[in-house]
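Some notes on the structure that comes next.
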Amino acid sequence: MQELNQSAVTEFILLGFAPNPRTNPLLFTFFLVFYLLILVSNSLLITIIHQDARLHTPMYFFIGVLSLLDVCYTTTTVPQMLVHILSKKRTISFARCVAQMYIFLLFGVTESWLFSIMSVDRYMAICHPLRYKVIMSHWMCLLMVGICAAYGVVGGLCYTFFAMRLPYCGPNEIDHYFCEVPAVLKLACADTSLNDLVDFITGFNVIVVPLSLIVIVYANIFAAIMKIRSAQGRIKAFSTCASHITVVTMFAIPCIIMYMGPGSGSLSNNGKKMALFYNIATAFLNPVIYSLRNKDVKKAFLKLMRRGRASE
């Protein structure tokens, strides 16, 4: 009987945002512009880091990986959302829903752990500057990113497997603009208490643990900074950490509320708004924050522009 119920739902309907013929074109234009800006800004930042030899350092390597994850992260959900805004048919097959859920979580969990790796990089640069280049070698950076990706693979599988093993026998309307775990679980025709426990444990390991590591690392960084005698030196050291702390805060708080807060599955419209924030807004703001606050990136950008004009 459970197998029959599971096969009863072959597709889901993504309700997305309230359909309105008058506002849909405006909503479509707004999100399309945002998405294009995300693609352009992150791709430009990756290009600048790749082209300028002065930016071939561990810090900028991780920033480049972050930009790549942001592009993949948003591409998993936004193009489909744009199509559904203008289309009357807002269906997604069961298999595509599972794939979207997993890929979204894969990149999201990887990014969550990447933030903790970036904090370790800042710790080594500020607290152990003489050994920094030796410890944070290119192979070590690749290994760290590989570990983050491994956490993404395992974390995404845990969320997706336990969510999609439940029977879904109707209704099939997901009150969201993509297949996100809390929204999909509301449609399950079975007790989801085990899923709530699994989601909390998984969320603790992929959100709280890396966030706790970041807090511990920055506590040590700030203690080291306060020992610097020069006020200018302290300001410079703080400024190198400010950008990272900003993007971590924007990403982590909505994720904790969405995946670990009590009653997270019933957030409805608030859940969609928070998903927009950590799925779209942070992907747009990350390259802006890292470029506007960084003199090296500005210089590399101007150099790239001059090279482009000279080639013309």
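Here are a few things to note about the model shown:
- Between ILE48, ILE13, the distinction of being touching a residue at least 24 places away in the same chain (Cβ under 8 Å) and within 16 Å of TYR290 (Cβ to Cβ) belongs to ILE48 only.
- Filter pass, VAL181 being open to solvent by 20 Å² or more (accessible area, probe 1.4 Å), in contact (Cβ under 8 Å) with a residue 12 or more places away in the chain and within 29 Å of LEU66 (Cβ to Cβ): no
- Condition broken by LEU197, with the remaining ones in (1) within 16 Å of LEU106 (Cβ to Cβ); (2) assigned to a helix (DSSP H, G or I); (3) not small (Gly, Ala, Ser) satisfied: (1)
- For region 184-206, taking the residues that are open to solvent by 80 Å² or more (accessible area, probe 1.4 Å) and farther than 20 Å from CYS255 by Cβ, the one that is farthest from the chain's Cα centre (by Cα) is identified as ASP191.
- Restricting region 207-229 to residues that are part of a helix (DSSP H, G or I) and farther than 18 Å from ILE253 by Cα, the residue that is nearest to the chain's Cα centre (by Cα): VAL217
- Summed over region 20-31, residues that are open to solvent by 60 Å² or more (accessible area, probe 1.4 Å) and either of a type in the set (A, V, I, L, M, F, W, C) or touching a residue at least 40 places away in the same chain (Cβ under 8 Å) (or both) total 3.
- Qualifying residue in region 264-276 (condition: loosely packed, with under 14 Cβ neighbours inside 10 Å, under 27 Å from PHE107 (Cα atoms) and modelled with pLDDT of 80 or more): no
- Looking only at residues in region 42-92 that are among the hydroxyl-bearing types (Ser, Thr, Tyr) and buried (at least 20 other Cβ atoms within 10 Å of the Cβ), the one that is farthest from GLY108 (Cα to Cα) is TYR60.
- Annotation for region 230-246: at least one member residue is part of a loop (DSSP other than H, G, I, E, B), surrounded by fewer than 17 Cβ atoms within 10 Å (Cβ to Cβ) and at pLDDT below 85.
- Failed item, numbered, when SER87 is tested on (1) more than 19 Å from the chain's Cα centre (by Cα); (2) farther than 20 Å from GLY16 by Cα; (3) of a type in the set (Gly, Ala, Ser): (2)
- Elements of type helices (runs of 4 or more DSSP H) contained in region 78-162, each with 1 or more residues being over 27 Å from VAL33 (Cβ atoms) and modelled with pLDDT under 90: 94-127, 132-135
- Residues located in region 209-229, provided they are of a type in the set (A, V, I, L, M, F, W, C), more than 11 Å from ILE126 (Cβ to Cβ) and at pLDDT below 85: MET226
- Subset tally (residues that are under 17 Å from TYR259 (Cβ atoms) and not in a loop (DSSP other than H, G, I, E, B)) for region 163-176: 3
- Being crowded, with 19+ Cβ neighbours inside 10 Å, on the phi < 0 side of the Ramachandran plot and over 19 Å from the mean Cα position of the chain (by Cα) holds for only one residue in ILE135, ILE117, ILE174, and it is ILE174.
- No other residue among PHE17, PHE12 is among the hydrophobic types (A, V, I, L, M, F, W, C) and open to solvent by 40 Å² or more (accessible area, probe 1.4 Å) apart from PHE17.
The values are calculated or read from the model by the stated rules, or taken from the named source; none is laboratory data. Since the model is a prediction, treat every value here as computed from it, not as a measurement. We place every Cβ from the backbone using ideal geometry, glycine too, and count neighbours over all the protein chains shown. Each accessible area value is taken on the protein alone, full model and side chains, heavy atoms only, with ligands, DNA and RNA left out. Shrake-Rupley method; radii C 1.70, N 1.55, O 1.52, S 1.80 Å.
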